[in-house]
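Novice: First, the structure itself, so that you have it in front of you.
The values are calculated or read from the model by the stated rules, or taken from the named source; none is laboratory data. None of these values were measured; they are calculated from a predicted model. Note that each Cβ is placed from the backbone with ideal geometry, even for glycine, and that neighbours are counted across all protein chains shown. Surface areas here come from the heavy atoms of the whole protein model, side chains and all, with no ligands, DNA or RNA. Shrake-Rupley method; radii C 1.70, N 1.55, O 1.52, S 1.80 Å.
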2 protein chains.
Amino acid sequence: MFSKACEYGIRAAVYIALQSLEGRRVSVNEIAEEIDSPIAFTAKILQQLSRNNVIHSVKGPTGGFEIERTDMEAVKLNMVVKAIDGDQIYVGCGLGLKECDAGKPCPLHDKFVDIRTDLRHMLESTSLYELATGLEVGLTYLKR
Amino acid sequence: MFSKACEYGIRAAVYIALQSLEGRRVSVNEIAEEIDSPIAFTAKILQQLSRNNVIHSVKGPTGGFEIERTDMEAVKLNMVVKAIDGDQIYVGCGLGLKECDAGKPCPLHDKFVDIRTDLRHMLESTSLYELATGLEVGLTYLKR
DNA sequence: CAAATAAAGGACAATTTTGTCCGATTAATA
DNA sequence: TATTAATCGGACAAAATTGTCCTTTATTTG
């Protein structure tokens, strides 16, 4: 469904959100440790998220990654996914046809649109804040 | 969503079904031509489908691929997908965690299960016959 | 200002997926 | 039986994704 990069990206973003709730700024090393991901690869992904203003980065000692408390509810999962995988999930035919649309649909077009619409709504309506608070109260987990 | 191999596999299976409706057995070359896919790669995928009894192959002159008319309604998309991509779509955590389940869910677990359940139902309820007849009456298209 | 810390960025390496080529096998038919 | 047409299967090649390493840049603090 998601690429590995996107999986790491979402996990990282949620972890950063969780720590930002408590005012803590976190380093790549801590993030990779806590979400159990390859450090250098995770660093690359965080760069993409930072460049796309999904998260905020600060260089130097005491630096690291954070998400403004005020942004946290506004940042939805689809922004994370878009920053990493681009439009891939939203655009294009399920069977890989170049010219597939409502006017000249592939055999799976309608059914595929339904699934994808649900996915899009889910991603667009789920905020990092929501996911982070689920973690905070121990309803969900990020490791293993 | 699907791998390239799976996209080609579904397109090929639907095309074979369509031709089988008219009693025609088709060659790899014709299939690849008609669904606009790389020939040799398509041949590999057809072998997988054949080995998994999704389609039937006949060697030698006048040989090719076909689907028994009686099977065609019983063969659902999920069988095609499983033959090529395995359980990938059904199994595993959306965020890539190893031990994610209802008891120890990742932050996206429930929402992800919903989407995937819809996808599974769609794949399990859609037959090659249904897709082939849509093509036959000109409602849908396989090329470009 | 110097040292230390942390992200940024570029080059490279490993792995997986996608795709090709070619000889072996099977079966129809002249 | 020889030829020909077709799939099967293995080895290889190319491209994309995943992952590593190392240098540079920015920033804090002694």
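Novice: Among the residues of the range B:46-73, which ones are hydrophobic (A, V, I, L, M, F, W, C) and more than 11 Å from DNA strand D (Cβ to nearest atom)?
Specialist: B:Val54, B:Ile67, B:Met72, listed by residue number.
Novice: With respect to B:Leu77, is the statement that it is within 12 Å of another protein chain (Cβ to nearest Cβ) and closer than 30 Å to A:Tyr15 by Cβ true?
Specialist: For B:Leu77, the condition - within 12 Å of another protein chain (Cβ to nearest Cβ) and closer than 30 Å to A:Tyr15 by Cβ - is not met.
Novice: Then there's this: Taking A:Ser20 as the residue in question, decide whether it is away from every other protein chain (no Cβ under 13 Å), in contact with a strand residue (DSSP E or B) (Cβ under 8 Å, 6 or more places away or on another chain) and more than 9 Å from DNA strand C (Cβ to nearest atom).
Specialist: So A:Ser20 fits the description; yes.
Novice: When you scan the range A:34-45, do you find a residue that is away from DNA strand D (no atom under 15 Å from the Cβ), among the aliphatic types (A, V, I, L, M) and either in contact with a Gly (Cβ under 6 Å, 6 or more places away or on another chain) or under 19 Å from A:Ala74 (Cβ atoms) (or both), even just one?
Specialist: No: the range A:34-45 contains no residue that is away from DNA strand D (no atom under 15 Å from the Cβ), among the aliphatic types (A, V, I, L, M) and either in contact with a Gly (Cβ under 6 Å, 6 or more places away or on another chain) or under 19 Å from A:Ala74 (Cβ atoms) (or both).
Novice: Also: Hey, among the residues in the range A:57-77 that are within 9 Å of DNA strand C (Cβ to nearest atom) and not aliphatic (A, V, I, L, M), which one's nearest to B:Gly94 (Cα to Cα)?
Specialist: Only one residue fits best here, namely A:Phe65.
Novice: Scan the range B:43-53 and tell me whether some residue there is at the interface with chain A (Cβ under 8 Å from one of its Cβ atoms), out of contact with any His (no Cβ under 8 Å at 6 or more places or on another chain) and either within 21 Å of A:Asp118 (Cα to Cα) or away from DNA strand C (no atom under 15 Å from the Cβ) (or both).
Specialist: For the range B:43-53, residues at the interface with chain A (Cβ under 8 Å from one of its Cβ atoms), out of contact with any His (no Cβ under 8 Å at 6 or more places or on another chain) and either within 21 Å of A:Asp118 (Cα to Cα) or away from DNA strand C (no atom under 15 Å from the Cβ) (or both): absent.
Novice: I've got another one for you. So, A:Ile84, is that one more than 10 Å from chain B (Cβ to nearest Cβ), within 19 Å of B:Gly96 (Cα to Cα) and not small (Gly, Ala, Ser) or not?
Specialist: In short, yes.
Novice: Ok, one more. Looking only at the range A:130-144, count how many residues are open to solvent by 60 Å² or more (accessible area, probe 1.4 Å) and more than 7 Å from chain B (Cβ to nearest Cβ).
Specialist: 5
Novice: Which number in (1) more than 12 Å from DNA strand D (Cβ to nearest atom); (2) more than 19 Å from A:Glu124 (Cα to Cα); (3) away from chain B (no Cβ under 12 Å); (4) not aliphatic (A, V, I, L, M) marks the one condition that A:Gly94 misses?
Specialist: If we test A:Gly94 against (1) more than 12 Å from DNA strand D (Cβ to nearest atom); (2) more than 19 Å from A:Glu124 (Cα to Cα); (3) away from chain B (no Cβ under 12 Å); (4) not aliphatic (A, V, I, L, M), just (3) comes out false.
Novice: Does at least one position in the range B:39-48 carry a residue that is among the small types (Gly, Ala, Ser) and under 30 Å from A:Glu136 (Cβ atoms)?
Specialist: No - not one qualifying residue is present in the range B:39-48.
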